[in-house]
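The values are calculated or read from the model by the stated rules, or taken from the named source; none is laboratory data. This one's a predicted model, so the numbers in the text were calculated from it and none came from an experiment. In this analysis, Cβ positions are derived from the backbone assuming ideal geometry, glycine residues included, and neighbour counts consider all displayed protein chains.
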Amino acid sequence: MSAEQWSIATGTPCNEVENWTSVWADLMLADMMLHERRQLPDKPSSVYQRRGLWEAAVIAYSRADQSQFERPVPFKQFVLDVAGEAGIRTHDRIMDWRHGHVAHRNRAEFETAETMIKYEKGSPVGLYVAVTSDIGPANGNPFLLQVEQHIQAIRNAVCEQKMVPSAIDLAHVVLFTDQVALSTPGPAVSRSSNENLVITYDLAKIEEQRS
């Protein structure tokens, strides 16, 4: 029988590392969506895939800034601290996409609808509606590279500046205080399924025994 067992830690001190790791997972998803999108040719045959992947990336990124009730982290301030005003401009432009087009239809910049009448020999014979939607920047558009680099930089900074330090602090809390409750250790329980994505991040080693 394997000596490896697992316990679930719960309590307020766990919130910081859990929240920032959740942000990291969303940024990883956004990065992977853009990576997959870049593999597709800028052709009509891939238009729905490219649009879907772009919109998925926008939504995944924007969750970091729009989840203050369940995941209260100062994400925009973190972007400013890490990437400065240039990073805020990129952030705000991604959020323009989210608010103006992907999550809502609020900006004519991204989508227009026009009613058209078709004529033959001078007489109207049909009525058409044309909806023109922006599907995101093409592979050669500098804005796409800017967004990719921005997401990767913020994701890496979240890990280095938030997740790892929080985990190290939490390990001390687990060992030397009663602020965290630990469930009875037992075998690992698989959470993976065809409907779940499970990311388990190894953040800190515990070298001492709990007092």
For the stretch 53-79 the number of residues that are of a type in the set (A, V, I, L, M, F, W, C), surrounded by 15 or more Cβ atoms within 10 Å (Cβ to Cβ) and over 24 Å from GLY136 (Cβ atoms) is 2
Of (1) more than 30 Å from MET32 (Cα to Cα); (2) in contact with a strand residue (DSSP E or B) (Cβ under 8 Å, 6 or more places away or on another chain), ALA188 fails just (1)
Counting only residues in the stretch 30-48 that are buried (at least 19 other Cβ atoms within 10 Å of the Cβ) and of a type in the set (A, V, I, L, M, F, W, C), the one nearest to the chain's Cα centre (by Cα) is identified as ALA30
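Run down ILE154, ILE88 and say which single residue is free of Cβ contacts under 8 Å to residues at least 24 places away in the same chain, within 23 Å of the chain's Cα centre (by Cα) and either under 18 Å from TRP24 (Cβ atoms) or surrounded by fewer than 17 Cβ atoms within 10 Å (Cβ to Cβ) (or both).
After ruling out the rest, the residue left standing is ILE88.
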Heads up, the helices (runs of 4 or more DSSP H) in the stretch 1-99 (entirely inside) with at least 2 residues that are in contact with a strand residue (DSSP E or B) (Cβ under 6 Å, 6 or more places away or on another chain) are none
Flagged in the stretch 5-46 as of a type in the set (Ser, Thr, Tyr) and over 23 Å from ASP134 (Cβ atoms), in numbering order, are SER7, THR10, THR12, THR21, SER22
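Any residue that is of a type in the set (A, V, I, L, M), exposed (fewer than 11 other Cβ atoms within 10 Å of the Cβ), over 22 Å from GLY84 (Cβ atoms) and touching a strand residue (DSSP E or B) at 6+ places or on another chain (Cβ under 6 Å) - is there at least one of those in the stretch 159-182?
We begin by selecting, within the stretch 159-182, every residue of a type in the set (A, V, I, L, M); these are 163-164, 167-168, 170-171, 173-175, 180-182.
The next check asks that each one be exposed (fewer than 11 other Cβ atoms within 10 Å of the Cβ); those that pass are none.
Checked against the condition, which is being of a type in the set (A, V, I, L, M), exposed (fewer than 11 other Cβ atoms within 10 Å of the Cβ), over 22 Å from GLY84 (Cβ atoms) and touching a strand residue (DSSP E or B) at 6+ places or on another chain (Cβ under 6 Å), the stretch 159-182 yields no hits at all.
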For the stretch 157-181 the number of residues that are in a helix (DSSP H, G or I), aliphatic (A, V, I, L, M) and more than 25 Å from the chain's Cα centre (by Cα) is 4
GLN5 fails exactly one of (1) in contact (Cβ under 8 Å) with a residue 60 or more places away in the chain; (2) within 30 Å of VAL180 (Cα to Cα); (3) surrounded by 17 or more Cβ atoms within 10 Å (Cβ to Cβ), namely (3)
Of the listed residues (LEU40, LEU29), the one being in contact with a helix residue (DSSP H, G or I) (Cβ under 6 Å, 6 or more places away or on another chain), farther than 18 Å from PHE143 by Cβ and at pLDDT 95 or above is LEU29
